[in-house]
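Below is one structure, written out as structure tokens, with a few remarks after it.
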Amino acid sequence: MSSTNFQTTTTEPVDTSYPFGPVTPNEAVRRYVAIAADRPMTKMTMPIGGDVWVIHRNAAARQMLGDPRFVREPFRTGKRAVPYFVEFPDFLKGTLQFEDPPHHTQLRKLVQKSISPKRVRAMRESAVAYAHQLIDDMVAKGSPTNLVPEYAVALPIQMLANLIGVPPADRPKFQKWSAATLAVANMPEEELLQNMTELAGYLTALIDERRKQPREDLLSDLANAPHKDESLSDGEILTIAMLLITAGFDNTANFICAGVLSLLKNPDQLAVFLEDVDGVAPTAVEEILRHGRMCMYDKASGGGGLVPFVATEDVEIDGQLVARGDAILVDPASVNHEGRAYPDGDRFDVRRSDNPHMTLSYGLHHCLGAPLARMEMQVALSVLFTRLPGLTLEGDPVMDMNNLTTPIVDLPVSW
Amino acid sequence: MPKVFYVQPDGSERVVDGAAGDSVMSTAVRNGVRGIVGQCGGSLSCATCHVYLAADDRQYFDGPGEDEDEMLDCTASDREDTSRLSCQLVLREGVDVHVTVPDEQT
Ligand code: FES
């Protein structure tokens, strides 16, 4: 593509410093375009763990994420701190996310089957049925309501229980424990710990049961790996299950909320969506993943990142030398809005078809739960707006700004 | 220059000029061919680049390796004898490739 795409429409100079403090979402996008036009990456000092290169250009991000010379081993082994905005809990550093090939490939393959596009396709019908049931309950209780616990969190937890293999009778317990791992819960430390412990105990017993009597679910698959050299200990399976629970539905719930808000704040796009819900849902969901967080707030700050990597040798990316030992990460907001990949990145467009966003990462570490998350978002939004096309906001949504994922904790709506 | 013929489930066809060494997946993604997603960028871990390879073209490629074979069991649309992951189909000079995109990819 020609470099003219980089030009902004105004002649005012754009501030290309990075990171940058809160500005309007449109101004943030203007800056992302200018920054990416100026350079492929910026070196910045993180609150924890020192310096890191932050990639701004979509193509450069793909190049880095597709290059096996970037690894996570030094973080996993504790040889170096992860340069990031917050401390990563040790438990997360022991998971798939921080593994490199070949062990990563092996573990990933085991989980993949259970969460594959094929398995997820089979789960869609039950997701639709459950979404309807949640809305029936909501309608019965009457409006207004907080959509977060009633719908956005309840749906992914149910799907996760289904995937993992939690029997229907145990689902209320499972939902209570899992929800406790969420920031939304805002629980005292002690209570949270108790819930996590109960969840771990419950899962351990379930793993044991599935080892003896396998069914068609994730725990059974993991407990009964087909090859001996692939078999996992109960502890390893538990870690994977806990990762899926904590990483899985929190993000999905948050993106469902971002989707509801994006559509409510862009009535023209909601109209396009409602015209052909099933046809538009797939591209709408991609657009929410790309741009949804920009629709959530009045202000956006520049500075964010996916989990970093370390260069095992000197590597040149897009003309910039990344030295051996340097840490590097992708700022998804930056690469999702830069001018070459998105000439009109400030627009929320539910029909956008060429949408190479990197919210769910790319390459080896692209989100394992992506098919499930996409399906849940499609179902959640389609069912919600088809059933309640008159949905309206009943006040300002509340975010928990103290949490890393800044989840929406209150989304008051009526219908 | 090798050409790739992408046939959509509705029968419509799109022809794209490829480059030797590129995969059928990356050629599709770069040219915005509908239905080939390629979320993992060809690292055999997403199964969103599934295609049906024309029977006549099978002679130009080795069969699926073990990893590809396993991933082919994970595709959203049903696996058939001609099923391949397009990130594993590498273009060669002088060889045109014909593939059909499945109904559902994610
Ligand atoms: S692109 Fe992911 S398996 Fe081919």
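The values are calculated or read from the model by the stated rules, or taken from the named source; none is laboratory data. Predicted model only: the values in this text are computed from it and were never measured. Because the Cβ atoms are built from the backbone with ideal geometry, glycine has one as well, and the counts that use them run over all protein chains shown.
Miscellaneous remarks
- Sole residue being within 12 Å of chain B (Cβ to nearest Cβ), among the basic types (Lys, Arg) and surrounded by fewer than 24 Cβ atoms within 10 Å (Cβ to Cβ), chosen from A:Arg352, A:Arg340, A:Arg347: A:Arg352
- Elements of type strands (runs of 3 or more DSSP E) contained in segment A:2-67, each with 3 or more residues being at pLDDT 95 or above: A:41-46, A:50-55
- Those helices (runs of 4 or more DSSP H) lying entirely in segment A:95-173 with at least 2 residues basic (Lys, Arg) and at pLDDT 90 or above: A:117-141
- Residue within segment A:359-374 that is among the charged types (D, E, K, R), away from chain B (no Cβ under 14 Å) and buried (at least 16 other Cβ atoms within 10 Å of the Cβ) present: no
- Candidates A:Gly325, A:Gly390, filtered to the one that is at positive phi and either polar (S, T, N, Q) or in a loop (DSSP other than H, G, I, E, B) (or both): A:Gly325
- Counted residues, segment A:279-317 - those being closer than 16 Å to A:Met46 by Cβ and touching a Phe, Trp or Tyr at 6+ places or on another chain (Cβ under 6 Å): 2
- Among the candidates B:Asp57, B:Asp17, B:Asp73, B:Asp22, the residue that is acidic (Asp, Glu) and modelled with pLDDT under 95 is uniquely B:Asp73.
- Restricting attention to segment B:36-71, the residues that are facing another protein chain (nearest Cβ under 9 Å), in contact with a Cys (Cβ under 6 Å, 6 or more places away or on another chain) and not small (Gly, Ala, Ser) add up to 3.
- Any chance A:Thr283 is closer than 27 Å to A:Ala200 by Cα and of a type in the set (Val, Ile, Thr): no
- In segment A:338-353 there is no residue that is modelled with pLDDT of 90 or more, assigned to a loop (DSSP other than H, G, I, E, B) and in contact with a strand residue (DSSP E or B) (Cβ under 9 Å, 6 or more places away or on another chain).
- Here is the figure for segment A:363-387: residues that are aliphatic (A, V, I, L, M) and outside any helix (DSSP H, G or I) total 1.
- Single match in A:Ala169, A:Ala122 (criterion: within 14 Å of chain B (Cβ to nearest Cβ) and either surrounded by fewer than 20 Cβ atoms within 10 Å (Cβ to Cβ) or touching a residue at least 12 places away in the same chain (Cβ under 8 Å) (or both)): A:Ala122
- Considering only residues in segment B:28-39 that are in contact (Cβ under 8 Å) with a residue 24 or more places away in the chain and farther than 26 Å from A:Lys109 by Cβ, the one that is farthest from the ligand (Cβ to nearest atom) turns out to be B:Arg34.
- Any strands (runs of 3 or more DSSP E) falling wholly within segment B:40-106 and containing at least 1 residues that are more than 10 Å from the ligand (Cβ to nearest atom) and more than 17 Å from B:Thr27 (Cα to Cα): B:83-85
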